[in-house]
Every structure is written in C-alpha cells, then in structure tokens.
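Please read the structure below before turning to the comments.
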Amino acid sequence: DEGTVSLVNSLFATKLSLDRSASTLPEGSGSLQTLDLSGSMVGFTGGKRVAELLLGNSSLRSLRLDNNTLQTCGAMFGSALSRNTTLEELRMSGCGLSDTALEIAEALESNRESALRVLDLSSNGLNRAVGVQLAKALRANETLQVLRIHTNLLGDKAVRALIDALTINTALEE
C-alpha cells in the first residue's frame, strides 16, 4: 500500500510537471493511459490515492486493480466515476468490495458523460442491492459494453432486474 501511494504521488507530481510544461511537449506526450496495479497489495490508503487520481486525470483510459484489498474503497471510486469522463476500462475483480460497490453502480447511472465501456466487478461478494442498482444503471447507461459480475451473491431479485434491464439496454455486448 505504501508503494502504491508513492507511485500515485509520483504520477500526480509528473502530471503537474507536464501540465506546467505542456506547451513544450508534442501532443499526447507523457500521458499515462493504462495503469495496472493488479495484485499489488493496494489497500485503503493506496485505493484512496488512485481514486483521487481519477478525479483529476484526463488521459487515463484503463485502470486495473484486480485482487487488491479495497473493501472500503467503493464509495471513493463511485465518487470519482460520477465525474470522470475519460476512463474506458475499470477492472476491480476480487477486491472484496461487497456493498461498497453500490456507489460505483450509482455512478454508472448518474454520469451521462461517462466513457466507461468495460467494468469488471466479479468475485467481490456483491449483494442484491448492488445488483438491483446495476440493473437501474443499465437502463440509463448507453456506453457500457462489457459488465462482468460473475461469482457474486446477487440473488434472484437482482438477477431478474438485470435480465429486465437487458431488454432495454442495447449497448451491452458481454
């Protein structure tokens, strides 16, 4: 977790430095587009810094956080996703999000400017409330193409709501 915080702090510093000298760089130089921290022992503090990075970053397109201990970070990522307009892929499989993923599902519904095309929340112990909110989001969201939610505890009510939402959502492919 300490290493993640250090890395993200460095990314913030690099971004600030690049922002100040942008006029001397060719377009697109120094823009981090993919960050893969899968299995990197990212915990609460590192997760918080990564979520903060999403709030101010306009170049990051793919964020992979699979298999980290982010149990209490769902609200922070939901808040970031509700305002982020550039992230296209978020993979958080096996992070123990459980009911804290509710805010992520709410962000899918509320952010009309979202570019998110791939969301992986598999193996997180998601409950019925999260599943029902994901179904509501699918009714409104037109950009998401891939939603992975296997190996969760959604229950019959959430599965029925998801199936109903799929009759309306035409963007989801997988």
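What follows is calculated from the coordinates using simple rules that are stated; it is not laboratory data. Remember, predicted model here, so these are calculated numbers, not experimental data. Counting neighbours? That spans all protein chains shown, and the Cβs are built from the backbone with ideal geometry, glycine included.
Return P(r) of segment 82-174 (all Cα-Cα pairs; 5 Å bins starting at 0; whole %; ordered from short to long distances).
Taking all Cα pairs of segment 82-174, the binned fractions are 3, 16, 27, 29, 19, 5, 0 percent.
Under the rule of at least 5 residues apart or a separate chain, name every residue whose amide H is placed under 5 Å from the amide H of Arg148.
Leu119, Asp120, Leu121
Just need the relative contact order of segment 20-174 here, percent rounded to a whole number, with Cα pairs under 8 Å and 6+ apart.
18 percent
Short version: ³J(HN,Hα) in whole Hz for each residue of segment 50-64, in order, from phi by Karplus 6.51 cos²θ - 1.76 cosθ + 1.60 (θ = phi - 60°), x for Gly and Pro, what are they?
Those phi angles translate into 5, 4, 5, 4, 5, 5, x, 9, 10, 10, 5, 10, 9, 10, 10 Hz.
For segment 136-147, take each phi angle, set θ = phi - 60°, evaluate the Karplus expression 6.51 cos²θ - 1.76 cosθ + 1.60, and give the result in whole Hz per residue in order, putting x for glycine and proline.
4, 5, 5, 5, 9, 7, 10, 9, 5, 10, 10, 10
Trypsin sites (Lys or Arg not before Pro) within segment 89-174: which are DSSP loop residues with at most 12 other Cβ atoms inside 10 Å?
Those that pass, being in a loop and sparsely packed, are Arg112.
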